[in-house]
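The values are calculated or read from the model by the stated rules, or taken from the named source; none is laboratory data. Since the structure is predicted, the reported quantities are computational estimates derived from the model, not experimental observations. Neighbour counts run over all protein chains shown; Cβ positions are idealised from the backbone, glycine included. Accessible surface is based on the protein model in full, side chains and every heavy atom, while ligands, DNA and RNA are left aside. Shrake-Rupley method; radii C 1.70, N 1.55, O 1.52, S 1.80 Å.
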Amino acid sequence: MGEFRFLLNGKVVTVKAPPCYTLLEVLRYVLRMTGTKEGCARGDCGECTVLLDGEPVHACLTVMTQVEGRSVTTIEGIDPQHPLVRAFVEAGAVQCGHCTPGLIISSYALLSRNPSPTEEEVREAIRGNLCRCTGYSKIVRAVLSAAGV
Ligand code: FES
Ligand code: FES
């Protein structure tokens, strides 16, 4: 067992886990935080996207030794009243919802560094987030609407 200490949604946490565990496994199976979804578990779908020191990463490809001492933000760390969350609901950009946490995290990272993105910039930012249900028009509209564009 390894012991890992890091900031999770603004609070210091210490977890014990096998050193080979990924951040996704620690979030879901050790901490029981199931907001971050598991899709492919090999870096293809983007469902597990979280922020590591503010940058979107695949939690399924991030091992715990990379997380030690750093800051992680998951969907649980995003205010449910955040304009992005409201915009996704209002635009009908959520169907089964499996892709939604990862999409919101990727979009949140985009708006943090670029508050007024173009449609192309939104599409680029969510390029790694696959959605099997909605097509992407409503998702892109939601992000632009949250940005007030
Ligand atoms: S579950 Fe991590 S990219 Fe698919
Ligand atoms: S809403 Fe179902 S995968 Fe995106």
Condition check for Gly92: within 15 Å of ligand 2 (Cβ to nearest atom), assigned to a loop (DSSP other than H, G, I, E, B), not assigned by TED's automatic domain parsing to the domain that holds Thr14 and not acidic (Asp, Glu)
yes
Any chance Val149 is assigned to a helix (DSSP H, G or I) and open to solvent by 20 Å² or more (accessible area, probe 1.4 Å)
no
In the stretch 95-117, residue farthest from Cys40 (Cα to Cα) [restricted to those that are of a type in the set (S, T, N, Q) and either open to solvent by less than 10 Å² (accessible area, probe 1.4 Å) or assigned to a helix (DSSP H, G or I) (or both)]:
Ser112
For the structure I just gave you, tell me whether Pro101 is within 16 Å of ligand 1 (Cβ to nearest atom) and not aromatic (Phe, Trp, Tyr).
yes
Which strands (runs of 3 or more DSSP E) sit wholly inside the stretch 2-83 and have at least 2 residues that are farther than 21 Å from Glu124 by Cα?
2-8, 11-17, 71-73
With the first residue restricted to the stretch 2-16 and required to be of a type in the set (Lys, Arg), and the second required to be modelled with pLDDT under 95 and outside any loop (DSSP other than H, G, I, E, B), Cβ contacts under 9 Å at 6 or more apart or on different chains are Lys16/Gly2
Go through the stretch 2-48 and give me each residue that's more than 16 Å from ligand 1 (Cβ to nearest atom) and hydroxyl-bearing (Ser, Thr, Tyr).
Thr14
Got at least one residue in the stretch 82-91 being open to solvent by less than 20 Å² (accessible area, probe 1.4 Å) and without any contact (Cβ under 8 Å) to a residue 60 or more places away in the chain?
yes
